Amino acid sequence: MKKILAVGLLFLGLASGAKALTSASSVKVKVFEMRASVNSDCSGAVTIFKTDNPTPVDLMTNPLLGSGALTNGTYHCLMFHIDDILTVVPQTTDGSCTAGTAYNLDIFTDQFQNLSATPEGVVILAHPGIEDDPWIYFNDSTATALTNDCFAKVNDGCSVCSGPCRMTPLNETSDQTHSLVINTNFKVDGSSTTCVMLQPVMSIR
Amino acid sequence: MKGILRLAQSRWLRVLAPILLACLTACAKKHDPAAANSGGGAAVQRNVITMKGAAQ
């Protein structure tokens, strides 16, 4: 019995040590533009707000990203032009990620799995550690999937797909406040020689 | 000068001036969106959408 327990504990220890993951105490992001569309394919979008030089805002403080006017209607697609390099402070020290130290971590980094495009269709390729400024898409089309990375408005058919993330349509008949959620809980990875960010879970609330 | 005075006193101008004025007022109203909306046309309602950021 003791032997089985010891083997079990050893297995658990190995499994938990396989990947050092922590959360963040600060996640700063820059948002250049937001658009909304009444169509599930994101066509015919209108700009809600836009800036060429956004100030980095800390998602932990529930910051204002921007605001703008929308006519009455049901909006089936929201899209955001963001800086893919987030400034992240790990909550705890985990492997190569040190608590309290700010890291510039790329979330649009895999040139084989991440692919984005502007709403007009201009392709944006992922480059590790380089600011590529992709778009992220949320809609209620059949192309959405939990495994999608949100970087494309249509599914590109790759193994871990660039495709839109799911959102519930917004029925705009009055002034409303919503949130772009970029959840980095247990996505800060210190298991390799450098601190990196795994794909965060993004959603609209 | 005499010609202008004669024109101002002419019966035709006295008849035409109010019609011309009414016409110009109507045209101006037609090109003013605010006035056009208040005239019973369906105004497009615009809402303010505020977007915040969140970590969870």
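The values are calculated or read from the model by the stated rules, or taken from the named source; none is laboratory data. The shown structure was predicted, so the numbers you read here are calculated from the model rather than taken from an experiment. Using ideal geometry, Cβ is built from the backbone for each residue, glycine included, and neighbour counts are taken over all protein chains shown. Surface accessibility is based on the protein's heavy atoms, side chains included, excluding ligands, DNA and RNA. Shrake-Rupley method; radii C 1.70, N 1.55, O 1.52, S 1.80 Å.
Just a few scattered comments:
- Residues satisfying the stated conditions in the stretch A:165-205, i.e. under 20 Å from A:L115 (Cα atoms), in contact with a Ser or Thr (Cβ under 7 Å, 6 or more places away or on another chain) and without any contact (Cβ under 8 Å) to a residue 40 or more places away in the chain: A:C165, A:R166
- For the stretch A:168-197, the set of residues classified as buried (at least 21 other Cβ atoms within 10 Å of the Cβ), within 13 Å of chain B (Cβ to nearest Cβ) and not in a strand (DSSP E or B) consists of A:T184, A:K187, listed by residue number.
- Qualifying residue in the stretch A:124-134 (condition: buried (at least 22 other Cβ atoms within 10 Å of the Cβ) and within 30 Å of B:R46 (Cα to Cα)): yes
- Filtered residues of the stretch A:60-86 (kept if closer than 17 Å to A:P134 by Cβ and in contact (Cβ under 8 Å) with a residue 60 or more places away in the chain): A:L65, A:C77, A:L78, A:M79, A:F80, A:L86
- When A:A145 is tested against (1) more than 12 Å from every other protein chain (Cβ to nearest Cβ); (2) among the hydrophobic types (A, V, I, L, M, F, W, C); (3) under 17 Å from A:I107 (Cβ atoms), exactly one condition is not met: (3).
- Selection from the stretch A:40-73 of residues that are open to solvent by 60 Å² or more (accessible area, probe 1.4 Å) and either more than 9 Å from chain B (Cβ to nearest Cβ) or on the phi > 0 side of the Ramachandran plot (or both): A:D41, A:G44, A:V46, A:T47, A:K50, A:D52, A:N53, A:T55, A:P56, A:N62
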